[in-house]
Structures are given as C-alpha cells and as structure tokens.
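> Dropping the structure in here first, questions after.
The values are calculated or read from the model by the stated rules, or taken from the named source; none is laboratory data. Keep in mind the model is a prediction, meaning the values are calculated, not measured. Backbone-built Cβ (ideal geometry, glycine too); neighbour counts: all protein chains shown. For the accessible areas, the whole protein counts, side chains as well, though only heavy atoms, and no ligand, DNA or RNA atoms are used. Shrake-Rupley method; radii C 1.70, N 1.55, O 1.52, S 1.80 Å.
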Amino acid sequence: MLPRAQYDWKHLRFQDYKTVDEYTSVLFKIVSMMELCGEKVTELEMLNKTFSTMHSSNMVLQQQYRERKFTTYTELIECLLLAEANNELLMKNSEMRPPGTAPLPDISKLAIEQKKESNLVQHNNQPGSFRGRGRGRGGMFKAHGRGRGHGITPGFSRGRGRGRSVV
C-alpha cells in the first residue's frame, strides 16, 4: 500500500481536477493511506504540493496564495473554495449576457416611454391643438397698420415715414 500511496502522491496535481473538492478528496485519501503505513505528511508538504501543482496560467494566483503564508491546509482550501464559488458566479453571469452584448431593455422604463409617446400622439391629434403659422388672431406676423413703416423688414419703410429705403 505504501508504494502505491507514494506513487499517487508523486503524481497528484491540483490542475488535473475540475473542482477544489475533488482535489482535496483525493489528497486526503492519499495522505490517509500514507499515514496508515506510518509515513507522516505535514501541513507544509500539503500546501507546497497544492501550490506547485497549480496550472501554469495561475502563477500569479499561486504567488499571491504563497504570500498569504497559510499555516494549515484547511485555511488554503477555504480560500480556494471561496475563489471557486466566486468564479462560478462570474461565469454564470457571463453566460447570461456575453461581453459586448447590450442588456435587455428595462420593462418599466419601456412602459413609461411608450406611455409618453402615446400621450404625444393623442395630444397632437386633438382638433384645434395646432392652427398653423400666421393663422387666426395674434398670429406670428402682427400688422401694425398699413404703410406706416412698421413692416417686417428692418430698415425698409413704405409710405410716409422718416426712414430711408434700403436697396
């Protein structure tokens, strides 16, 4: 049993397992077999085994975990399990709306915008709400009397007035 446990220990790699739980289960099984055969595995050996067998793409994480100076394997596993749970949550969120895609419109805002648009349409269709330019009393161009030089063209005077005509 001891040679088999030592062989398994030698070839155990953190990166070969999908979850922290799977790795931890196999690690504790191997450690139990080794201890049953009289060989002691220390906390430091378990920590180093885990750090040294992380995937090469996780080198920065490995260094960060080493700098935290965990004293027990349990502390490291708690931290790894939390990181794994957070990563799973991020992946689920990413799958719901992949990067670069627009979010779905907010239903409550959409309903408010539709209500505003329907009010505008109803208001503009009411009879007499828009009479047009220059129609009716007090339109855009209000006459101040005929021929008195109060026309709409500045500096131009018709009829009796003091002003000069500008050509």
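> Quick check on E22: is it outside any loop (DSSP other than H, G, I, E, B), more than 24 Å from E67 (Cα to Cα) and under 33 Å from the mean Cα position of the chain (by Cα)?
Answer is yes for this residue.
> Let me ask another. If we keep just the residues of the stretch 18-28 that are within 15 Å of D8 (Cα to Cα) and in contact (Cβ under 8 Å) with a residue 12 or more places away in the chain, which is surrounded by the fewest Cβ atoms within 10 Å (Cβ to Cβ)?
This residue is V26.
> Within the stretch 1-14, can you find the residues that are more than 17 Å from Y73 (Cα to Cα) and assigned to a helix (DSSP H, G or I)?
Hits for the stretch 1-14 are L2, P3, R4, A5, Q6, Y7, D8, K10, H11.
> Which one of these is over 18 Å from N87 (Cβ atoms) and outside any helix (DSSP H, G or I): F28, F70?
Exactly one of F28, F70 is over 18 Å from N87 (Cβ atoms) and outside any helix (DSSP H, G or I), namely F70.
> Every residue in the stretch 31-58 that is within 23 Å of E84 (Cβ to Cβ), open to solvent by 80 Å² or more (accessible area, probe 1.4 Å) and assigned to a loop (DSSP other than H, G, I, E, B), please.
Selection gives H55 alone.
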